[in-house]
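J.: Take this structure first; my questions come after.
The values are calculated or read from the model by the stated rules, or taken from the named source; none is laboratory data. Quantities reported herein were computed from a predicted structural model and do not represent experimental measurements. Please note: Cβ atoms are built from the backbone with ideal geometry, for glycine as well, and neighbour counts cover all protein chains shown. All accessible areas refer to the heavy atoms of the entire protein, side chains included, with ligands and DNA or RNA removed. Shrake-Rupley method; radii C 1.70, N 1.55, O 1.52, S 1.80 Å.
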Amino acid sequence: MTEKRQSIHGEWTSRWAFILAATGAAVGLGNIWKFPYIAGINGGGAFVLIYLACVLIIGIPLMMTEVLIGRRGRQNPAGTMRSLAKDTGRSKHWQWIGAIGILSSFIILSYYCVIAGWAMNYIFRAASGAFHHASASQINHIFQHFVANPWKLLFWHSMVMLVTIFLVIRGVKGGLELAARFMFPAMLGLLIVLVIYATTTNHFIQGLTFLFKPDFSKLNSTSALSALGHAFFTLSLATGSIMMYGAYLPKKASITRAAIYIAIADTFVALLAGVAIFPIVFANGLQPSAGPGLIFQTLPIAFGQMPYGSLFASLFFLMLVFAAITSTISLLEPSVAWLIETFRISRLRASLYAGFGIWILGLGTIFSFNILENVKIFGMTIFDNLDYLTANIMMPLGGLLTVFFAAWLMRRSDVLEELGISDRLLFRAWYFAIRYLTPLAILLIFLNFVGIIQF
Ligand code: PFF
């Protein structure tokens with residue numbers, strides 16, 4: 001009976017379309033904007049090592065789990081969880097896992113659009129030649145001046161939100177697939193140009209050492225949790241996004257291969273971004289721990305000194321916006337699908353309602369960089385709170401419950417069938433991971449964080 005479920009929103013045209021779209025969801029600001037700055041704040045190498053371990057032990061098995069759950073349920077994440085719970089005679093309250101995911105994507109999108117708006121502004125700024133031969137302090141000044149102006153941030157935030165809503169209204173094939181197609185190769189090409197530049201800075205080795213040489217003394221009590229949270233964030237896990245994209249996946253496509261491709265592509269882009277950025281940071285006497293402004297304060301220096309730098313810079317920020325938009329649409333989709341299926345309203349109205357709510361919440365992030373920058377809750381700005389709550393609490397918790405559900409409550413024969421592989425080494429390794437390794441790793445990191453155990 002479950003085989004007959006179909007998504008009312010359509011399906012991807014092929015397995016490759018799914019891989020492209022899910023890679024588009026995964027690769028985004030998380031790789032190029034967030035990874036370098038949180039690696040910087042957490043002291044580099046040791047943090048990167050924990051993050052890579054989290055991708056391997058938690059990220060890939062969980063991604064496979066989410067795709068298979070999504071494809072079996074074929075609805076919004078809450079509806080999917082409710083149906084699967086019903087199939088196995090479990091309480092309908094399991095739908096709350098899906099609901100937490102939808103809420104996470106709603107919150108993340110509110111700040112994600114603001115940062116994507118910065119990148120959009122930088123396309124034009126770069127094209128105008130603002131970075132041409134500019135010094136590090138001039139570039140810092142440009143950035144500080146920009147984020148201090150709430151009206152400008154609001155404008156660019158609104159632009160990103162509008163584009164996202166427009167693409168989501170167009171639906172699975174028209175919008176989501178089309179947007180994913182061109183972004184990835186172009187992004188990769190430009191990152192490689194930046195890495196080549198980084199090799200000319202005389203600080204290339206220092207950058208690599210910072211990124212890859214683990215120094216565990218630099219970790220603090222939240223570092224492991226941040227690395228875990230980032231693995232979730234960068235792979236778009238526990239937000240309903242991947243589950244939602246799984247719901248549109250044709251029956252025959254291989255989930256295992258897709259998850260592995262996506263994780264490799266995502267990790268590769270993040271590491272490339274790190275390799276490009278840290279040499280520039282050290283060569284210009286900047287601080288790796290500069291925070292959310294890091295790439296906006298470093299990359300323009302590099303572009304400013306290259307031949308055709310304004311053109312490259314503008315293209316780079318354009319690609320970054322593309323990469324961000326393929327993620328923003330995946331962040332809006334779960335709320336939209338939930339609204340459509342729950343209230344039976346049109347895709348147009350659902351996209352507008354959800355988009356408007358998210359746009360309003362985005363004001364909190366905008367003001368965190370200017371008029372409310374001194375308002376601290378739990379010692380953090382509004383933006384930092386939203387980020388912390390989603391990446392470090394809601395996503396790991398949602399992920400833990402999801403693997404628990406698939407590993408211990410769903411029938412083994414059902415997951416085996418849905419994964420579509422034979423009951424051999426690969427399946428057994430994955431099943432062992434989601435039963436023991438993945439939940440244990442998440443729990444250990446939580447327990448370490450609250451101080452019950454110490455690594
Ligand atoms: N993975 C995206 C990035 O790294 O930029 C961000 C993201 C997209 C997070 C979708 C969560 C999500 F559901």
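J.: Looking at residue 303, is it touching a residue at least 60 places away in the same chain (Cβ under 8 Å), over 29 Å from residue 95 (Cβ atoms) and open to solvent by 30 Å² or more (accessible area, probe 1.4 Å)? Reasoning before the result, please.
T.: Working: touching a residue at least 60 places away in the same chain (Cβ under 8 Å): yes; over 29 Å from residue 95 (Cβ atoms): yes; open to solvent by 30 Å² or more (accessible area, probe 1.4 Å): no.
Answer is no for this residue.
J.: If residue 292 satisfies every condition in (1) within 24 Å of residue 24 (Cβ to Cβ); (2) part of a helix (DSSP H, G or I) but one, which is the exception?
T.: Tallying (1) within 24 Å of residue 24 (Cβ to Cβ); (2) part of a helix (DSSP H, G or I), residue 292 fails exactly one: (2).
J.: A follow-up question, please. Checking residue 20 against (1) closer than 14 Å to residue 274 by Cβ; (2) within 16 Å of the ligand (Cβ to nearest atom); (3) open to solvent by 10 Å² or more (accessible area, probe 1.4 Å), which test does it fail?
T.: (1)
J.: Counting only residues that are away from the ligand (no atom under 15 Å from the Cβ), part of a helix (DSSP H, G or I) and open to solvent by 10 Å² or more (accessible area, probe 1.4 Å), how many does region 334-358 have? Let's see the steps before the verdict.
T.: Residues of region 334-358 that are away from the ligand (no atom under 15 Å from the Cβ), as a first pass: 339-353, 355-357.
Next cut, part of a helix (DSSP H, G or I) only: 339-343, 347-353, 355-357.
Next cut, open to solvent by 10 Å² or more (accessible area, probe 1.4 Å) only: 339-343, 347-349, 352-353, 356-357.
So the answer is 12.
J.: Additional query: Within region 220-247, count every residue that is open to solvent by less than 10 Å² (accessible area, probe 1.4 Å) and either more than 15 Å from the ligand (Cβ to nearest atom) or of a type in the set (Lys, Arg) (or both).
T.: 3
J.: Quick one: which of 311, 361, 331, 315 is in contact with a helix residue (DSSP H, G or I) (Cβ under 7 Å, 6 or more places away or on another chain), away from the ligand (no atom under 16 Å from the Cβ) and open to solvent by 10 Å² or more (accessible area, probe 1.4 Å)? Can you show your working first?
T.: Working: 311 fails: in contact with a helix residue (DSSP H, G or I) (Cβ under 7 Å, 6 or more places away or on another chain); 361 fails: away from the ligand (no atom under 16 Å from the Cβ); 331 fails: away from the ligand (no atom under 16 Å from the Cβ).
Residue meeting the stated conditions: 315.
J.: Kindly check whether there is at least one residue in region 165-177 that is assigned to a helix (DSSP H, G or I), at pLDDT 95 or above and not aliphatic (A, V, I, L, M).
T.: no
J.: Among the listed residues 157, 145, identify the single one that is assigned to a helix (DSSP H, G or I), under 19 Å from residue 381 (Cα atoms) and open to solvent by 50 Å² or more (accessible area, probe 1.4 Å). So that I can check it myself, show each step before the final result.
T.: Details: 157 fails: open to solvent by 50 Å² or more (accessible area, probe 1.4 Å).
Result of the check over 157, 145: 145.
Conditions (1) of a type in the set (A, V, I, L, M, F, W, C); (2) over 12 Å from the mean Cα position of the chain (by Cα), marked per residue:
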position: 217; (1), (2): no, yes
position: 227; (1), (2): yes, yes
position: 246; (1), (2): no, yes
position: 266; (1), (2): no, no
position: 274; (1), (2): no, yes
position: 280; (1), (2): yes, yes
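J.: Give the residues of region 257-290 that are open to solvent by less than 10 Å² (accessible area, probe 1.4 Å), away from the ligand (no atom under 16 Å from the Cβ) and of a type in the set (Val, Ile, Thr), sorted by residue number.
T.: Taking region 257-290 and keeping what is open to solvent by less than 10 Å² (accessible area, probe 1.4 Å), we get 258-259, 262-263, 266, 269-270, 273-274, 276-281.
Now restrict to residues that are away from the ligand (no atom under 16 Å from the Cβ): 276, 278-281.
Result: 280, 281.
J.: For region 367-424, give me every one of the helices (runs of 4 or more DSSP H) that falls completely inside it and has 1 or more residues that are closer than 24 Å to residue 92 by Cα and open to solvent by 50 Å² or more (accessible area, probe 1.4 Å). I'd like the intermediate steps shown before the answer.
T.: Details: elements: 382-387, 395-404, 412-419.
It comes to 395-404, 412-419.
J.: Going residue by residue through region 90-98, is there one that turns out to be within 15 Å of the ligand (Cβ to nearest atom) and aliphatic (A, V, I, L, M)? Break it down stepwise before answering.
T.: Looking only at region 90-98, we keep the residues that are within 15 Å of the ligand (Cβ to nearest atom), and these are 97-98.
Then keep just the ones that are aliphatic (A, V, I, L, M); that gives 97.
Yes; the residues of region 90-98 include at least one that is within 15 Å of the ligand (Cβ to nearest atom) and aliphatic (A, V, I, L, M).
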